[in-house]
1. Restricting to the range 8-65, name every residue that is on the phi > 0 side of the Ramachandran plot and surrounded by fewer than 16 Cβ atoms within 10 Å (Cβ to Cβ).
2. Somewhere in the range 30-44, is a residue modelled with pLDDT under 90 and touching a helix residue (DSSP H, G or I) at 6+ places or on another chain (Cβ under 6 Å)?
3. Any idea which of Thr71, Thr45 is part of a strand (DSSP E or B), farther than 14 Å from Ile13 by Cα, of a type outside the set (Gly, Ala, Ser) and without any contact (Cβ under 8 Å) to a residue 60 or more places away in the chain?
Amino acid sequence: MSTVRTRICSTRINNAAPGSTLEIEGTCVGQFQITKNLELVGDPTATLNGNDGGPTLTLVGGRVQLARLATSAPSSASSRA
């Protein structure tokens, strides 16, 4: 997985307006932190891969809906209030 794909995924998540729906394609490697309401919709094989670097998806605020999107890492999701 290239660093460019990871930056694209992170940038899209960070720059999305609250309530947006983002389409995720392929595999995005890294740890992703979400601070607002979002819907992440994957293509049939889309994956967020934490690459064993910690939680793949951390929810800091808001609500997140995942559809057709896999996450992979030993500890693939966490949330903080």
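The values are calculated or read from the model by the stated rules, or taken from the named source; none is laboratory data. A quick note: this is a predicted structure, and the numbers were derived from the prediction, not measured. Every residue, glycine among them, receives a Cβ derived from its backbone with ideal geometry; neighbour counts consider all protein chains shown.
1. Narrowing the range 8-65 to residues on the phi > 0 side of the Ramachandran plot: 19, 26, 30, 51-52, 54, 62.
If the condition is that a residue be on the phi > 0 side of the Ramachandran plot and surrounded by fewer than 16 Cβ atoms within 10 Å (Cβ to Cβ), then Gly19, Gly26, Asn51, Asp52, Gly54, Gly62 are the ones that fit.
2. Looking for residues that are modelled with pLDDT under 90 and touching a helix residue (DSSP H, G or I) at 6+ places or on another chain (Cβ under 6 Å), one finds at least one in the range 30-44, hence yes.
3. On the way: Thr45 fails: part of a strand (DSSP E or B).
Residue meeting the stated conditions: Thr71.
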